[in-house]
Amino acid sequence: MRYYHSFNTSCEEIFTVMPPNVMFAQHVDEERIINFVSPEKDVDGFHPLNMGNLAMKGREPLFIPCAPKSCIELLLRSGVEIMGKRAVVVGRSKIVGLPTSLLLQRHHATVSTVHSFTKNPEQITREADIVIADVGIPNLIRGSWLKPGAVVVDMGTNQVQVGILKVRHQWHSQTVWPHLNANLDCNVR
């Protein structure tokens, strides 16, 4: 299969919109679509070349996925120390979970991934300094899952009553962010 740029040289960048759950859209061949887009035009950063370069030390992807980059930018702009911290990413989607894990590693965090088959996710998240949720289930991360002082960013698409909430526990006075609108300036290059 030839890359898209072979057919249309006037197109500079391609943004791929996948169904929210490709498992329910059997007629969509996700891998074929991802591989069809040239890595030089893949603004999502989904192409294996871009994702592989994101994972490898000393290499730079042509594009970094925007939402994960915004999450890291939110942490940095908020003064959250990432280097040397324990981070847990709840969810492993190609769009947010995986690239966020890789970006946290690039910032020298020790990263664990929790997913639907993980045994004792509460115990794993309780050890984290930083928890990133990418599951699309509001309030999945409970206060009892967090250690005092943990920072939580929910990158899932959730419809909630209030856009940004403050959660306080008797032993936990730091503000956590249960919902993130990744509307920071995101220059994906």
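Numbers for the structure displayed
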{"quantity": "Only one of SER93, SER70, SER116 that is under 22 Å from GLY149 (Cα atoms), assigned by TED's automatic domain parsing to the domain that holds LEU140 and of a type in the set (Gly, Ala, Ser)", "calculated": "SER70"}
{"quantity": "Every pair of residues 6+ apart whose Cβ atoms lie under 7 Å, when the first sits in the range 71-83 and is closer than 16 Å to SER101 by Cα while the second is at pLDDT 95 or above and among the hydroxyl-bearing types (Ser, Thr, Tyr)", "calculated": "CYS71/THR100"}
{"quantity": "Matching residues, the range 114-131, being surrounded by fewer than 18 Cβ atoms within 10 Å (Cβ to Cβ) and of a type outside the set (A, V, I, L, M, F, W, C)", "calculated": "HIS115, SER116, THR118, LYS119, ASN120, GLU122, GLN123, ARG126, GLU127"}
{"quantity": "Segments classed as strands (runs of 3 or more DSSP E), wholly inside the range 35-139, with at least 3 members that are hydroxyl-bearing (Ser, Thr, Tyr)", "calculated": "110-114"}
{"quantity": "Hits in the range 69-90 (condition: polar (S, T, N, Q) and over 22 Å from PHE46 (Cβ atoms))", "calculated": "SER78"}
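The values are calculated or read from the model by the stated rules, or taken from the named source; none is laboratory data. From a predicted model like this one, the values you see are computed outputs, not experimental measurements. Heads up, the Cβs are rebuilt from the backbone with ideal geometry, glycines too, and the neighbour counts pull from every protein chain shown.
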